[in-house]
Amino acid sequence: MWLSMMLAASVSTAPELERISVVGTRLPQAQHAQPAPVQVITRHEVARLQGGSIMPLLRQIAGAEVYSTGAFGGQTSLFMQGSSSAQVLVLLDGQPLTSPTLGTAALQNIHPDEVERIEIVRGARSSLYGSNSMAGVVNIISRRAQQSGGEVRLRHGAHNYREMAGSASYVTSMSRHHLALSRRLFEGYDLTTDTEFGNHDMDGAQATNVLFNNTFTASERLSFQLRHMQNHSVADYDQQCFDAQTFERSTCHPATRTRQHGTQGGVTVQWRPGLRHEWQLGEFRERMRTIDKRVSEPQWTGVNDVFATERQHISWLQTQSLAAGNQQLSIGIDWQQEEAELSSVDLSQKRRRSAAGLLQYQWDYADWQVNLGGRLEDTTGFSVQGSHHVDFAWVSIPRWTLGVGQASGYRHPTLNDLYWPTGGNPDLDTERSRSYRAFAQFDTGSGHVEAELFRHEFTKLIAWQPSADDPWLWQPMNVGAARAQGITGRWEHQYGVWRLRAHGTMQNTLDRESGEALLYRAHRFANFTASYGFPEGVLSADVYMSSSRLSDVWTGERVPGYWLLNARWEQSLAYDWQLYVSMDNMLDKTYEQRPGFNEPRRQFRIGVSYHWR
């Protein structure tokens with residue numbers, strides 16, 4: 001019964017839910033009221049994927065290539081329309097997750113059960129979000145309470161995957177509370193083709209996730225939000241290890257132990273109709289330690305290294321309606337402080353701060369929409385950075401939206417790039433980008449069709465090069481420039497109990513220094529999903545396809561293309577019990593994402609859950 005109710009809700013309300021997003025303008029707006037294409041992956045789609053990891057969910061993002069060094073627990077990277085993973089800003093409820101030292105977000109530590117929805121805007125958005133948003137922004141919205149009740153779930157599958165999870169929600173007339181806990185264990189498989197010095201063993205992972213989300217509504221004009229999350233994980237990996245004394249290759253069994261803690265609070269005040277204030281403050285801490293799980297006193301270089309980072313942020317945003325209510329002016333201030341502590345080395349500078357002001361103006365008329373925005377940001381060690389966006393949409397033709405846009409973005413070097421004792425370069429400049437788009441959207445009445453032409457220009461890219469003073473010393477330098485252009489399409493259709501979704505991208509990338517394509521960017525990739533609802537159940541299948549990718553500039557070696565078939569089945573049982581069955585890589589295909597890394601073959605999982613209200 002529970003599943004049939006969920007399916008009915010997804011069929012009747014999902015199209016409406018998908019029209020609301022925040023990420024495109026930092027304001028809760030209907031998607032048709034934003035002159036830029038925004039994608040929303042709803043909770044129903046998250047639940048359908050039955051993911052034990054975030055990977056299947058991220059593959060639903062149009063324009064994004066997602067790679068992982070292993071299944072559950074492996075480093076997960078997201079490339080948006082030809083960009084690198086460091087040029088896509090990942091947020092959790094608007095809170096940045098990007099590491100100040102590594103420059104990327106540890107997406108693999110997020111459990112899908114913690115996700116309410118995902119909002120995506122492609123193209124540069126530094127004018128709203130600051131550094132790292134050179135080619136797109138992915139805002140992961142954490143799970144919230146919808147009604148009082150709870151769920152417990154057990155799941156088991158290939159490579160001895162085991163999962164125990166539970167959640168509970170409590171809703172009153174003035175507050176909503178949601179608590180979720182999960183524990184995942186995975187014996188794994190051999191991640192790499194290297195079979196020497198301990199690299200032939202199984203590489204597993206384990207993770208514990210906790211999420212506590214609260215919303216308090218004091219009145220129609222005043223509300224509060226408070227969210228706390230903890231992610232603890234241990235993930236094995238393979239690498240070449242060298243003895244700390246002799247520097248000869250030695251046997252090792254490395255793993256990364258990661259602890260993430262994030263707390264965020266917010267206040268929203270509707271002072272009067274048309275005037276809204278929002279305050280947000282938060283802290284995010286991440287501690288990563290390299291360990292050897294099988295040797296009590298390991299001697300290889302790099303073992304027991306600790307990377308600890310911390311970020312505090314405060315933001316304020318005021319939005320006021322002007323004229324007849326068809327214009328909106330937004331003014332905001334962002335402040336952020338980042339700190340890093342490394343056990344193995346002493347960074348010459350461990351902290352940096354940034355302060356920024358932003359301005360955004362939007363016009364909505366019967367036939368067209370315009371959104372203009374700009375930002376000035378002052379960051380420790382850098383000159384003031386400016387960025388902007390201009391979006392225009394024409395909506396005079398019924399059910400059609402035609403638009404163009406141009407925006408700029410930037411990314412500050414990481415603390416490692418700047419201050420690493422033996423190779424850091426404090427003279428590094430900020431990476432820059434410019435994005436151009438033209439798009440068309442059509443509302444079919446039962447779905448949505450969208451096509452977007454894009455072009456991204458990247459300059460002052462940071463790459464490691466031999467130092468001019470010492471050819472044996474490699475340093476990061478601003479020597480790179482690149483271009484990515486192509487077309488991204490997205491299609492959604494509801495036909496009775498069938499729900500169909502697809503997205504695909506054709507792109508051409510160019511490294512202007514080498515004249516070759518950018519590494520690990522496929523020329524074509526696509527995803528197709530079909531779901532069929534029947535009494536008390538849902539059956540769905542996904543097909544993911546990717547063309548070959550350049551893996552070595554010097555030899556021209558390419559990673560072959562591949563396609564995968566995944567299937568899901570959900571069935572309601574008696575007394576509020578539910579059955580979950582999934583099979584990834586259903587045809588047991590052998591494929592490769594990175595040279596030297598093994599990818600999982602067929603993976604079968606089965607689980608049960610119990611729901612109560």
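Among the residues of segment 199-224, which ones are surrounded by fewer than 18 Cβ atoms within 10 Å (Cβ to Cβ), more than 21 Å from P112 (Cα to Cα) and not β-branched (V, I, T)?
Here is the first cut: in segment 199-224, the ones surrounded by fewer than 18 Cβ atoms within 10 Å (Cβ to Cβ) are 200-202, 208, 210, 212, 216-222, 224.
With more than 21 Å from P112 (Cα to Cα) added as a condition, the list becomes 200-202, 216-222, 224.
Scanning segment 199-224 gives H200, D201, M202, F216, A218, S219, E220, R221, L222, F224.
Being polar (S, T, N, Q) and over 25 Å from A440 (Cβ atoms) is the requirement here; does S547 meet it?
Details: polar (S, T, N, Q): yes; over 25 Å from A440 (Cβ atoms): no.
Taking the combined requirement at face value, the residue does not satisfy it.
When residues of segment 557-588 are filtered for being in contact (Cβ under 8 Å) with a residue 40 or more places away in the chain and either among the acidic types (D, E) or within 30 Å of G515 (Cα to Cα) (or both), how many remain?
3
Pick out the one residue from V303, V295 that is over 14 Å from F242 (Cα atoms) and more than 21 Å from the chain's Cα centre (by Cα). Don't jump to the end; show me each part of the working.
Values: V303 fails: over 14 Å from F242 (Cα atoms).
Answer to the selection: V295.
Among the residues of segment 456-470, what is the count of those that are closer than 13 Å to N425 by Cβ and in a strand (DSSP E or B)? Please lay out each step first, then the result.
Residues of segment 456-470 closer than 13 Å to N425 by Cβ: 460, 462-470.
This time we only want the ones that are in a strand (DSSP E or B), so: 460, 462-466.
The total comes to 6.
Test F458 against the stated conditions and say whether it is modelled with pLDDT of 95 or more and closer than 30 Å to G423 by Cβ.
Details: modelled with pLDDT of 95 or more: yes; closer than 30 Å to G423 by Cβ: yes.
Criteria met by F458.
Can you confirm whether segment 497-519 contains a residue that is of a type in the set (A, V, I, L, M, F, W, C), assigned to a strand (DSSP E or B), crowded, with 20+ Cβ neighbours inside 10 Å and in contact with a Ser or Thr (Cβ under 7 Å, 6 or more places away or on another chain)? Show your work before the answer.
Looking only at segment 497-519, we keep the residues that are of a type in the set (A, V, I, L, M, F, W, C), and these are 497-498, 500, 502, 506, 510, 517-519.
In the following step, the residues that additionally are assigned to a strand (DSSP E or B) were identified as 498, 500, 502, 506, 510.
Subsequent filtering for residues that are crowded, with 20+ Cβ neighbours inside 10 Å retains none.
No, because not a single residue in segment 497-519 is of a type in the set (A, V, I, L, M, F, W, C), assigned to a strand (DSSP E or B), crowded, with 20+ Cβ neighbours inside 10 Å and in contact with a Ser or Thr (Cβ under 7 Å, 6 or more places away or on another chain).
Exactly one of (1) surrounded by fewer than 16 Cβ atoms within 10 Å (Cβ to Cβ); (2) at pLDDT 90 or above; (3) in contact with a Leu (Cβ under 9 Å, 6 or more places away or on another chain) is unmet by V559. Its number?
Among (1) surrounded by fewer than 16 Cβ atoms within 10 Å (Cβ to Cβ); (2) at pLDDT 90 or above; (3) in contact with a Leu (Cβ under 9 Å, 6 or more places away or on another chain), the lone unmet condition for V559 is (1).
Which count do you get for residues in segment 47-61 that are under 19 Å from G73 (Cα atoms) and part of a helix (DSSP H, G or I)?
Residues that pass the stated criteria total 5.
Looking at segment 462-469, is at least one residue among the charged types (D, E, K, R), exposed (fewer than 15 other Cβ atoms within 10 Å of the Cβ) and at pLDDT below 95?
Filtering segment 462-469 for residues among the charged types (D, E, K, R) gives 469.
Next, from what is left, pick out any that are exposed (fewer than 15 other Cβ atoms within 10 Å of the Cβ): 469.
From the residues that got through so far, the ones that are at pLDDT below 95 too are 469.
Within segment 462-469, one or more residues are among the charged types (D, E, K, R), exposed (fewer than 15 other Cβ atoms within 10 Å of the Cβ) and at pLDDT below 95.
Could you tell me which residue of segment 574-612 is surrounded by the fewest Cβ atoms within 10 Å (Cβ to Cβ), considering only residues that are in a loop (DSSP other than H, G, I, E, B) and touching a helix residue (DSSP H, G or I) at 6+ places or on another chain (Cβ under 9 Å)? Can you show your working first?
Of all residues in segment 574-612, those in a loop (DSSP other than H, G, I, E, B) come to 574-576, 585-596, 598-602.
Now narrow it down to the ones that are touching a helix residue (DSSP H, G or I) at 6+ places or on another chain (Cβ under 9 Å): 576, 600-602.
On the way: D576: 16, P600: 18, R601: 15, R602: 12.
So the residue we want is R602.
Kindly provide the set of residues from segment 414-442 that are modelled with pLDDT of 95 or more and either part of a strand (DSSP E or B) or crowded, with 23+ Cβ neighbours inside 10 Å (or both), ordered by number.
Across segment 414-442, the qualifying residues are E431, R432, S433, R434, S435, Y436, R437, A438, F439, A440, Q441, F442.
The values are calculated or read from the model by the stated rules, or taken from the named source; none is laboratory data. Every value quoted in this text rests on a predicted model; they were computed, and no experiment measured them. Note that each Cβ is placed from the backbone with ideal geometry, even for glycine, and that neighbours are counted across all protein chains shown.
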